[in-house]
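A short write-up of the structure that comes next.
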There are 4 protein chains.
Amino acid sequence: MCRWIAYRGETTLFENYVTEPVHSLITQSLRARESAGPTNGDGFGLGWYGVHPEPGLYRETRPAWSDENLRYLCRHLQSHMFFAHVRAATGTPVTRQNCHPFACGRWMFMHNGFVGSWSRLRRRIEAMIPDPLYPSRSGNTDSEAIFLAIMGAGIDEDPIAATRTVMTRLGALLNENGLRERMRFTAALANGHDLYAFRFAENDAANSLYYRQAGDRLIVASEPYDGEPGWTEVPANHVLVSRSAHQIELLPFMQDERKSEHPGAQRVVARA
Amino acid sequence: MCRWIAYRGETTLFENYVTEPVHSLITQSLRARESAGPTNGDGFGLGWYGVHPEPGLYRETRPAWSDENLRYLCRHLQSHMFFAHVRAATGTPVTRQNCHPFACGRWMFMHNGFVGSWSRLRRRIEAMIPDPLYPSRSGNTDSEAIFLAIMGAGIDEDPIAATRTVMTRLGALLNENGLRERMRFTAALANGHDLYAFRFAENDAANSLYYRQAGDRLIVASEPYDGEPGWTEVPANHVLVSRSAHQIELLPFMQDERKSEHPGAQRVVARA
Amino acid sequence: MCRWIAYRGETTLFENYVTEPVHSLITQSLRARESAGPTNGDGFGLGWYGVHPEPGLYRETRPAWSDENLRYLCRHLQSHMFFAHVRAATGTPVTRQNCHPFACGRWMFMHNGFVGSWSRLRRRIEAMIPDPLYPSRSGNTDSEAIFLAIMGAGIDEDPIAATRTVMTRLGALLNENGLRERMRFTAALANGHDLYAFRFAENDAANSLYYRQAGDRLIVASEPYDGEPGWTEVPANHVLVSRSAHQIELLPFMQDERKSEHPGAQRVVARA
Amino acid sequence: MCRWIAYRGETTLFENYVTEPVHSLITQSLRARESAGPTNGDGFGLGWYGVHPEPGLYRETRPAWSDENLRYLCRHLQSHMFFAHVRAATGTPVTRQNCHPFACGRWMFMHNGFVGSWSRLRRRIEAMIPDPLYPSRSGNTDSEAIFLAIMGAGIDEDPIAATRTVMTRLGALLNENGLRERMRFTAALANGHDLYAFRFAENDAANSLYYRQAGDRLIVASEPYDGEPGWTEVPANHVLVSRSAHQIELLPFMQDERKSEHPGAQRVVARA
């Protein structure tokens, strides 16, 4: 299980969110030293929006806890929207190309989860990536393949619909021949303006996802990084949406598809 | 242009061939310091056969010239058959998974060359890899894809025929729509007993390939690593074959396919 | 706390001891995934004796658990005497030069422990390294400095006496001005023929150390790597000695110096 | 011979100076591909001043030409004062701690040159580092040792005098016993406000150093990175000084000490 945080709000230094909190992402990468939880030592990454419409990336294969560059960058980099991710590999190699976040054009993506029987299904999932995007496939994770499939399913028009399209197709693959393979998909997607955070699973329990809002600062995280109040869980099978000049929304995600008896799952407006 | 050497013969320490020659592979990785030639600083690899039927690999992303581990391993590793390779990347990332040699089952492969318009043709070349071998695709080079395609084209029955099958299919792709894309394929293939070294190109001049035999020691190399006599060029469109209890053979490769007017190109028995 | 094993005996593949045991060193590097124990993810190393009187080394900064090269090397390397070490850094950077084992001439050394107030005492401890050995100082750990100090204190004549000399001088430094700084020193030393394993601490409890003998195979380890019987603890303030054509011996170490009331601590012959 | 550039002026993106010029530092790292010059593939580094008084650093051991992170960072990082350096090692290991720039407190330093007989003189040069700064010694290059010695010789009061003090002491060491060891020192020093660039050598010719000024933008570089006019050579045995609200100055450096017959070498005011 990977760990990640996504930030959207007033321009801020990364250190306030990535390295300084008591139970920061860096501490989580090492957490095993203090608790029975897992290590996230299989590389890490930062992604952010700045002067260019396309995001910047810093990804490394060493554990986050021992990377001097990461500490310097978190002290100096500022952004109104950034992602940070520490990786626990689930079978694919530890290369920079397999570290999150992934970037393609203006979009950025990171993921905590897995696709069951990935090595068996990989080829068919990669086939969901349209030809013009296939040169962007530079690693061999399930996460990157899913991202590029979402890119190709109309992300610019409607990122939630594009993600739904890909999840539906993945669900069909996973459930073929009555196999009911599992998938977990707790992921963040951004384009420099809008942030989408999904909490979903197929044939399995969804990985945890929380958010906290303070003024115009929104943080979404795989787990709370401090003991302060204000952390709210994103419900399973929902997507959190944060768009300019809109309140945060929590929308049902993949519920119609899964429970056709409840076609009209209504919007839940988040309480800040 | 990458540089490589392949050894087959009496069990020997790697250092005698990889690190000690005047113009050793390590020196070639750096050669730019002394000549106008290219640097091969985009990673390197060793592959060898020992106590297991499957080869051992040591691949690293840093330049060969500064790797302390490489020097130690070359002083201590011995084998009757080994490959060494220094890489000059042609567009794909510098990861261990993209470094040569590649191993799959008992087979080992390394390559100096390229496929023109790789990012456009990649998907169709990857489609030549049969499903059961696709999980072995761990990088994104043209070289690894070609190797796995050869694996899947009957390498255990007849490695030369399997390579010919793949080259023929590649040729068809390259020449589609009259495009005449270029490809260079100077490559070594081994299974622990037999060694095959190909020198071939499509729509282009073939990269250089030499061999030298001394007693039962055969060395095949992309260029001579010393000024001693005995280096012989492998002719373009030929494959050098070295099998247990056989003399070295230089066989025409892809000549029938390319020059149908000379269907009966005869065997050339190498002069030791 | 680092973890290590040392082997002396019949020539064997490393995999039998390093990668295959249920609770192998590689598993220990990751152990935090399964228990509340620490992660040893700050690099690792292998050292071994082979055809050269000087040892070979393979050291890497990434965690042992994700290193493909390590798995290949353990499947192929054989030796009658080898060390393996996974590192948990205590303040010094994660570089290959700071990974264990360290080699100097014919000698090889690895360590689990620390020197209290290292950054304050470092310069004075480095001053124990004689000038001719100072160029061998390539990292900045306490462990390497102690090894080079032992090298310079007459290791070739009497490695135990040389180690005692250095520990005594260190003890004096640690206890200056009544400060009683702590030090833990659980370490292995070898020259290709003889193996010495120390378990000692100053102003502190000693880190654990075990050994197991089966026929002529001796393994010494910071903790048992399986649930089999035969693991015996090395008592604190002792050194285990294994020399050609001698039975294993457990000798008191630094007891005379520390408890002058028991000057004649007698030898304990180990039960095989 | 390393290659470096230093920038002082209006806040700018690094890409304008580090990655985009025709003969950029990145191209210089690879230059051997196009000319007979050396490769600078033994790591690289960026250092810059931003929101903190202490500089940020990004240093890596891989060659600059293949580092994806470097390209992203140069597209996104902005500063009014930054350093970039590509390294050609002269004997010390390729670790991040041995890559330039080095930082200590508010100061940043990078170097192109060497100290002759470094492994023999190292200990005595390290002895010039005062105790309180010795914990900052994290690598083992001559460059870092000289920087920390300058730090300790009164850098905050007068950086030129501190550098002169250290060079004078180094000169005495190099010339001991009539040995006349060589040293080259082409280096940059900055504190976030002021920039100092030295061109000096002892018993040798000084490495090249150039600068170009356009408006309030000053670039100092080991060689011009484009064919545009405006590049001026810094004379040997001079220091270029660029301070807020002052014109650039070129001051004699180490001339009094070396040529006592010309004690009154006068200031040269640079022509912009």
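The values are calculated or read from the model by the stated rules, or taken from the named source; none is laboratory data. From a predicted model like this one, the values you see are computed outputs, not experimental measurements. All Cβ positions, glycine included, derive from the backbone under ideal geometry; neighbour counts span all protein chains shown.
Selection of region C:133-149 for residues being more than 10 Å from every other protein chain (Cβ to nearest Cβ) and assigned to a helix (DSSP H, G or I) yields C:Leu133, C:Asp142, C:Ser143, C:Glu144, C:Ala145, C:Ile146, C:Phe147, C:Leu148, C:Ala149. One residue stands out in region C:111-132 among those that are outside any helix (DSSP H, G or I), aliphatic (A, V, I, L, M) and closer than 16 Å to C:Ala187 by Cβ: the one that is modelled with the highest pLDDT, namely C:Met128. In region D:95-107, the residue that is farthest from D:Phe200 (Cα to Cα) out of those that are buried (at least 23 other Cβ atoms within 10 Å of the Cβ) and either without any contact (Cβ under 8 Å) to a residue 40 or more places away in the chain or hydrophobic (A, V, I, L, M, F, W, C) (or both) is D:Cys99.
For (1) in contact (Cβ under 8 Å) with a residue 60 or more places away in the chain; (2) more than 23 Å from D:Gln255 (Cβ to Cβ); (3) among the charged types (D, E, K, R), each residue gets a yes or a no:
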{"residue": "D:Gly139", "(1), (2), (3)": "no, yes, no"}
{"residue": "D:Thr165", "(1), (2), (3)": "no, no, no"}
{"residue": "D:Gly192", "(1), (2), (3)": "yes, yes, no"}
{"residue": "D:Asn207", "(1), (2), (3)": "yes, no, no"}
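Scanning region A:11-21 turns up no residue that is at pLDDT below 90 and either of a type in the set (A, V, I, L, M) or closer than 21 Å to A:His111 by Cβ (or both). Tell me, please, whether a residue that is within 14 Å of the chain's Cα centre (by Cα) and over 30 Å from C:Thr95 (Cβ atoms) can be found in region D:134-152. Within region D:134-152, not a single residue is within 14 Å of the chain's Cα centre (by Cα) and over 30 Å from C:Thr95 (Cβ atoms).
Across region A:39-50, the number of residues qualifying as away from chain D (no Cβ under 11 Å) and touching a Gly at 6+ places or on another chain (Cβ under 6 Å) comes to 1. For region A:73-93, taking the residues that are surrounded by 20 or more Cβ atoms within 10 Å (Cβ to Cβ) and among the small types (Gly, Ala, Ser), the one that is farthest from A:Thr19 (Cα to Cα) is identified as A:Ser79.
Pairs linking a residue in region B:108-134 that is of a type in the set (Gly, Ala, Ser) to a residue that is surrounded by fewer than 19 Cβ atoms within 10 Å (Cβ to Cβ), with Cβ atoms under 6 Å and 6 or more positions apart or on different chains, are B:Gly116/B:Arg182; B:Ser119/A:Pro135. On the basis of being crowded, with 23+ Cβ neighbours inside 10 Å and modelled with pLDDT under 95, does A:Ser222 make the cut? So A:Ser222 passes the test.
I'd like the residue in region C:92-124 that is within 11 Å of another protein chain (Cβ to nearest Cβ) and under 22 Å from C:Ser208 (Cβ atoms) and, out of all such residues, is farthest from the chain's Cα centre (by Cα). It comes out as C:Trp118. Take the conditions (1) modelled with pLDDT under 95; (2) away from chain D (no Cβ under 12 Å); (3) outside any loop (DSSP other than H, G, I, E, B); B:Ala32 misses just one of them, which is (2).
Taking the conditions (1) more than 9 Å from every other protein chain (Cβ to nearest Cβ); (2) touching a Cys at 6+ places or on another chain (Cβ under 8 Å) in turn, B:Met81 satisfies each one other than (2). Against the numbered list (1) within 17 Å of the chain's Cα centre (by Cα); (2) in a helix (DSSP H, G or I); (3) closer than 28 Å to B:Glu233 by Cβ, B:Ala187 comes up short only at (2). Residues that are among the β-branched types (Val, Ile, Thr) and outside any strand (DSSP E or B) within region C:1-26 comprise C:Val18, C:Thr19, C:Val22, C:Ile26, listed in sequence order. Looking at region A:60-74 only, could you name the residues that are at the interface with another protein chain (Cβ under 7 Å from one of its Cβ atoms), more than 16 Å from A:Thr39 (Cα to Cα) and in contact with a Ser or Thr (Cβ under 8 Å, 6 or more places away or on another chain)? If the condition is that a residue be at the interface with another protein chain (Cβ under 7 Å from one of its Cβ atoms), more than 16 Å from A:Thr39 (Cα to Cα) and in contact with a Ser or Thr (Cβ under 8 Å, 6 or more places away or on another chain), then no residue fits. Just for region B:175-214: of the residues that are touching a Lys or Arg at 6+ places or on another chain (Cβ under 7 Å) and aliphatic (A, V, I, L, M), which one is surrounded by the fewest Cβ atoms within 10 Å (Cβ to Cβ)? So, considering only residues that are touching a Lys or Arg at 6+ places or on another chain (Cβ under 7 Å) and aliphatic (A, V, I, L, M), the one surrounded by the fewest Cβ atoms within 10 Å (Cβ to Cβ) is B:Ala201. Within region A:61-89, restricting attention to residues that are part of a helix (DSSP H, G or I) and in contact (Cβ under 8 Å) with a residue 12 or more places away in the chain, the residue that is nearest to the chain's Cα centre (by Cα) is A:Ala64.
Could we say that A:Pro53 is in a loop (DSSP other than H, G, I, E, B) and within 12 Å of chain D (Cβ to nearest Cβ) here? So A:Pro53 fits the description; yes. Somewhere in region D:225-241, is a residue assigned to a loop (DSSP other than H, G, I, E, B), under 29 Å from D:Leu170 (Cα atoms), at pLDDT below 95 and under 21 Å from the mean Cα position of the chain (by Cα)? Scanning region D:225-241 turns up no residue that is assigned to a loop (DSSP other than H, G, I, E, B), under 29 Å from D:Leu170 (Cα atoms), at pLDDT below 95 and under 21 Å from the mean Cα position of the chain (by Cα).
C:Ala6: within 14 Å of chain A (Cβ to nearest Cβ) and touching a Phe, Trp or Tyr at 6+ places or on another chain (Cβ under 7 Å), yes or no? Spelling it out, it is not the case that C:Ala6 is within 14 Å of chain A (Cβ to nearest Cβ) and touching a Phe, Trp or Tyr at 6+ places or on another chain (Cβ under 7 Å). On the stretch given as region B:45-60, residues that are more than 17 Å from the chain's Cα centre (by Cα), over 14 Å from B:Cys99 (Cα atoms) and not β-branched (Val, Ile, Thr) total 4.
A:Leu170 meets all of the listed conditions (1) crowded, with 19+ Cβ neighbours inside 10 Å; (2) under 24 Å from A:Arg106 (Cα atoms); (3) touching an Asp or Glu at 6+ places or on another chain (Cβ under 8 Å); (4) not small (Gly, Ala, Ser) but one, namely (2).
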